[in-house]
Amino acid sequence: MSGVVVHLPRGNGGAVGGGPHGDGDTVTLRLGPGEAARFGRGSTTAPVELRLDDPAISRLAGEIRVVDDHWQLTNHSTTHSYLVENPEGAGEYLRVPPRRVGAPIPFEFSRVVLPTRGDVTVSFQVFAPDHLYLDPDAMGGPRGNSTVTAYSLNETATYFLVLVALCEPRLRDQSRVAVPTTPRIVERLGGHLAGGVLTARAVSSHIDYLAEEKLRIGGPDTHEPGQGDRRNGKREEIVGLALRFGLVREEHLALLPPLTGAGGRERQAAR
C-alpha cells in the first residue's frame, strides 16, 4: 500500500507546518498508512500541515488519516459540513457533517470542498491508497488461490486516459516516436472530459501519480529548470512499462477522442 497524496492547488493558500505562505503556491503532501495531516487556517496553538487561507475556515478544520486501503476524513467544525466529490464519477459526492470523526472515503480520486463566505469555495485533492483488484482469470476459484493484479489501474479514471494519450503515438505507428508533451496531451484530450477542462498542471499531477503510485517507477515529474531530460525519461519509462506489460493496448485507443485533421486521417488510412 503506497499511501495518500494530498494536493492543494495554487491560490488556496497553503503551507506545510502552518508557516507563512502568502503567495499561495501549490502544496503536495504524501502520507503513508497510519499517518495523518490536519488542515485549516492554523495558528501557533493549532498547527496544521495543510493551511487553507480563508476567514470562514476554522483554525483546525479537519484531519485526513490513512488507513490501509482507504482514507478517513474528520470534520472538526461545529457548524459546517464538508463535501468530498468524485471528480471522475457521475456527480458522486459524500457529505461529512460537523463533528464527524473518521468518515471512510471510498473514491480513488477525491476533491474535498470547504464552504467560504465568498463566491469561490476552497478545495484540495486527495489521491487514495492504491486500490487492488482481483485477477479476472482467478474469479470464481478458491479464495485462497485468488491473486491480485500487479498494477492496479482503473480504466475509467482520468489518469488512465492520460496514460493512453502518452502511449497513443507508439500504439498507432509501432515505432519509437517521441512521447507526447504535456501541452500535446492537453490539446489531445481537450473537451473530452465530462468533468471539465484538463489543465497542464492536472496532466502533470496525473503523470506523477502514475509514476509514483500506480507504476512505481520514479520520482516526481518536477518542473525545475534543467530537469527536462529527467521529465522526458520518466515519461519514457511510463510508456515503456505500460506497453511491455500490455497495460495499454490498441483497444484502449477507443477511449480517446477521434483524431481530426489531415494528420489524423493519414494515420487512420495507414492502419
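No lab work stands behind these numbers, since they all come straight from the coordinates. Keep in mind it's a predicted model, so treat the numbers as computed, not measured. Every residue, glycine as well, gets a Cβ built from its backbone with ideal geometry; the counts of neighbours run over all protein chains shown.
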*Given a Förster radius of 35 Å and the C-beta distance between Ala46 and Arg201 as r, what FRET efficiency does 1/(1 + (r/R0)^6) yield to the nearest 0.05?*
0.75
*What is the calculated FRET efficiency for Glu236 to Arg184, with r their C-beta to C-beta distance and R₀ = 22 Å, to the nearest 0.05?*
0.90
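Please give me the summed charge of the neighbours of Glu92: other residues whose Cβ is under 13 Å from its Cβ, Lys and Arg +1, Asp and Glu -1.
Numbers: positive: Arg95, Arg111; negative: Glu85, Glu88, Glu108.
Local net charge: -1.
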_Per 0.36 nm of contour for each residue apart, how much would the distance between Ala254 and Arg99 grow if the chain were fully extended, relative to their Cα-Cα spacing?_
51.3 nm
*Under a point spin-label approximation (7 Å from Cα along Cα-to-Cβ), what is the Arg117-Tyr151 distance to one decimal in nm?*
5.0 nm
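Tell me, in nm to one decimal, what length is gained between Asp68 and His192 on full extension, where the rule is 0.36 nm per residue of separation less the Cα-Cα distance? Provide the component values of the computation, followed by the final result.
Working: separation 124, 0.36 × 124 = 44.64 nm, distance 3.34 nm.
Here the answer is 41.3 nm.
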_Computed E for Ile217/Ala36 - FRET, C-beta separation, R0 45 angstrom, nearest 0.05_ = 0.95
